[in-house]
Structure formats: structure tokens, C-alpha cells
Amino acid sequence: MQYQITGKHIDIGDSLQSHVKTSVDEVIEKFAGRPTDANVVFSKSGNEFVCETVIHLSTGMTTQARGHAHEIYASFESSCEKIEKQLRRYKRRLKDHHRERPVELSEAASYILASSDEPDAAEPESLQPMIIAEMEATIPSLSVGEAVMQMELAGAPVLVFRNEKQSTGVNVVYRRDDGNIGWIDPK
């Protein structure tokens, strides 16, 4: 497993790095088993330390958490507890714990479009939006339940995925304003 442990304007000592590695290893070994990499970033916000932890698993799932505390070790422990809770829920929700199926990923283009922040802005000359950024994105092949789980664990409002039960088309799960989950399945 690859670790990237960094600090924003904070010196991270060797003892903190070894503590992070052993703690993350224990949590991953207990619940997930197949991690690929972990990214832990420490920063200071006012008088509190903030620890942001992101762990990528070989199944395509990404789990992330943020912890706040007045001491740097306590901020990591808070973040680690949240990661552990997410992975425990993920493992509990899986029906087949021994399935060795890697998630298939498809390539897609991702664009960031410019928006007008002014409510009374004049209509543009062309209806073509201005593209600010163009990036590559991956679309995982998941079941609907796994997609909802992935969206909840990532804290994202929407997730685009390829339904593993269908051979063509993409599906979307999203959080509705009423708190329920919506699923778009084009036919």
C-alpha cells in the first residue's frame, strides 16, 4: 500500500507518520483487505488541527473523512474512527464478502463549464457554454446498491456509473432534496 502523509504548513514528524501507517493498516486489514493507496493531509485551522484522510480500495471504492481536534494526534484519531465506521458499514452491506471481482472502469471526458454569477446577466451571443477545464474521468461498472454505497461513503451528491447488469449506457444515482436517493436508468 502506498502512503502519502503530508502537512500544509506543518512539519510532520516520523513518529506521527509511523502512527498513521500502523493505524490505517489495522483498520484496512480489519475491514477491507485490499487497499491501493492512502492520502493523509494535516493542516491547521485557527487553533484546531484538521486531518483529511482519503483511502482508495482495489474495488474502486474511495472512502474519505475529516477530523478536527486541538491536538494533531486526536485529529487523526477522529478521522480514522470515521473511516473505520464507513468501512464497517460498507462491509456489512456487501452480500458476498468473498467476491474477488475488480471493478471495471470506463474512460470518459469531464468538463467544467463557466456560469454567470450575475442574475441579470445578458444572454450570451452563442448558446454554446464556455469550457473552463477539460479532464479525464473514470466511470465504474457497479450494481445500483454498490453505486449508492459509493456515493454515500464519498459524501457526493451524485454518482455516474455503468450498471453491471446492462451492457450499454450509463446510470446516475443522486440525492434528492427530500433526502431520498434517485436513480436514473435510461432505456
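Taken over region 153-171, the criterion of being at pLDDT below 85 and within 11 Å of the chain's Cα centre (by Cα) is satisfied by L153, A154, G155, A156. Evaluated against (1) within 23 Å of V148 (Cβ to Cβ); (2) among the small types (G, A, S); (3) buried (at least 20 other Cβ atoms within 10 Å of the Cβ), G60 falls short on exactly one condition, (3).
If you go through region 38-79 and keep only what is under 15 Å from the mean Cα position of the chain (by Cα), touching a residue at least 60 places away in the same chain (Cβ under 8 Å) and within 17 Å of S23 (Cβ to Cβ), you end up with T63, Q64. The set of residues in region 153-187 that are exposed (fewer than 12 other Cβ atoms within 10 Å of the Cβ), in a loop (DSSP other than H, G, I, E, B), in contact with a strand residue (DSSP E or B) (Cβ under 9 Å, 6 or more places away or on another chain) and of a type outside the set (G, A, S) comprises P157, T168, R176, P186. Here's a check for you: in region 63-83, which residue that is hydrophobic (A, V, I, L, M, F, W, C) and within 17 Å of M1 (Cα to Cα) is surrounded by the most Cβ atoms within 10 Å (Cβ to Cβ)? Ranking the qualifying residues of region 63-83, first place goes to I83.
Residues of region 41-80 that are among the polar types (S, T, N, Q) and in a helix (DSSP H, G or I): S75, S78, S79. What's the number of the only condition in (1) outside the structural domain of V40 (by TED's automatic domain parsing); (2) modelled with pLDDT of 65 or more; (3) loosely packed, with under 15 Cβ neighbours inside 10 Å that Q150 fails to meet? If we test Q150 against (1) outside the structural domain of V40 (by TED's automatic domain parsing); (2) modelled with pLDDT of 65 or more; (3) loosely packed, with under 15 Cβ neighbours inside 10 Å, just (3) comes out false.
The values are calculated or read from the model by the stated rules, or taken from the named source; none is laboratory data. Small disclaimer: the values here were computed from a predicted structure and weren't measured. A quick note on method: Cβ atoms are made from the backbone with ideal geometry, for glycine too, and the neighbour counts reach across all protein chains shown.
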